[in-house]
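Quick notes on the structure that follows.
The values are calculated or read from the model by the stated rules, or taken from the named source; none is laboratory data. Small disclaimer: the values here were computed from a predicted structure and weren't measured. Please note: Cβ atoms are built from the backbone with ideal geometry, for glycine as well, and neighbour counts cover all protein chains shown. We work out accessible area using only protein heavy atoms, side chains counted, and drop any ligands, DNA or RNA first. Shrake-Rupley method; radii C 1.70, N 1.55, O 1.52, S 1.80 Å.
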Amino acid sequence: MMEELVFETPAKEALVDITDAVQEAVRCSGIHDGLCFIFCPHTTAGLTINESADPAVGRDIVRGLDRILGDGAGWEHAEGNSPAHIKASLIGSSLTVGVTGGQLALGTWQGIFLCEFDGPRRRRVWVRLLIAGKEELGLSLPH
Amino acid sequence: MMEELVFETPAKEALVDITDAVQEAVRCSGIHDGLCFIFCPHTTAGLTINESADPAVGRDIVRGLDRILGDGAGWEHAEGNSPAHIKASLIGSSLTVGVTGGQLALGTWQGIFLCEFDGPRRRRVWVRLLIAGKEELGLSLPH
Amino acid sequence: MMEELVFETPAKEALVDITDAVQEAVRCSGIHDGLCFIFCPHTTAGLTINESADPAVGRDIVRGLDRILGDGAGWEHAEGNSPAHIKASLIGSSLTVGVTGGQLALGTWQGIFLCEFDGPRRRRVWVRLLIAGKEELGLSLPH
């Protein structure tokens, strides 16, 4: 069992901020403390955490990956989207984020992004929640 | 406690599809729903999820990382395999995948790959399973 | 609930070996078997696992990422640290490591590193532990 979120990506390449949708999945679960596991079941898209305050950061991540990999030539995979596959593996296809007090435990500037590298397309994201009480934490770590 | 899988990688650099071996570990565990955590205890190899239908994708991932990093020169680490270490950190050393109905919850085109960057070698992969009942999921998320 | 570790990073870019601090968090928790989840709540820093025996490996990872991305120009994000944001997404912001017998289940040469890409700064790392008994493992996997 898991929750499936669906997103329509807007362009060939784009970072889509999905923080609110994931937070809503956490809220609806009623879970107070635990872990939120997020998975992208696609091979030319991925998931990352980065700055959500300035949307230019997401555009620079797309730009930076393009500078690194370009579209180039000489790829073996016949569909012509090898750079998108490589970017997906560099970014990764899953995330784990803590849940504290019913909220995603993100840093001040962090948001959760679906990274589209071969769109625009309809993309799915699967969310699973691990409830607390499954967790035990150190109480007296000195440093 | 965990399950150790062992693979002989075939070349200096290669993506080895280990999906069936991981799925067999899930099957033998008898777990129906939960999470599968996979870890690579090596520093010049990693784990990724990408397309398993066309083996050319894995070869293009190797090719793309080589174009990015090459073997270059001017590395400080004296063993001469710094690009392999860097690739391992870019790809990552662990994966988490859902388990639903006793099956790895992967997308249609996804497979799990051990990424060899400094082989051929014998490589180990550690598998741990978290059983469901530990999970609780939102049932009424509207979107 | 989680444990917060704090580190002062030494330079603009550096890999800081935090293995001992994370292991101490595991020890203080009293957990014998389970999973250790580590999260970096920053957008220009990340977490990776790589070789801890030779500190030159960490310096070569910094060097390699700089060769890939440089500081370049033409970024849209006005703070001038877009390469640091991109590196953070390439490296990733969280790790999961098994715990066996009260010890982090790392490979022989592996250590856990906080990756600073826009320092020096005070950086936080959040540690959560999942206790065993939550886990069930295959006992008879043949291969």
Worksheet entry | Only listed residue being more than 26 Å from A:ASP33 (Cα to Cα) and either surrounded by fewer than 23 Cβ atoms within 10 Å (Cβ to Cβ) or at pLDDT 90 or above (or both), chosen from C:GLY133, C:GLY72 | C:GLY72
Worksheet item: Within the group C:GLY98, C:GLY107, C:GLY58, which residue is part of a loop (DSSP other than H, G, I, E, B), of a type in the set (Gly, Ala, Ser) and open to solvent by less than 20 Å² (accessible area, probe 1.4 Å)?
Response: C:GLY107
Discussion item. Can you tell me which residue is nearest to B:LYS12 (Cα to Cα) among those in the range B:24-46 that are within 11 Å of chain C (Cβ to nearest Cβ) and surrounded by fewer than 22 Cβ atoms within 10 Å (Cβ to Cβ)?
Written reply: B:PRO41
Worksheet item: Which numbered condition trips up C:ASP20, out of (1) within 8 Å of another protein chain (Cβ to nearest Cβ); (2) of a type in the set (Asp, Glu); (3) closer than 26 Å to C:GLU3 by Cβ?
Response: (1)
Worksheet item: Scanning for something at the interface with chain C (Cβ under 10 Å from one of its Cβ atoms), surrounded by fewer than 21 Cβ atoms within 10 Å (Cβ to Cβ) and modelled with pLDDT of 95 or more, does the range A:79-92 turn up at least one residue?
Response: no
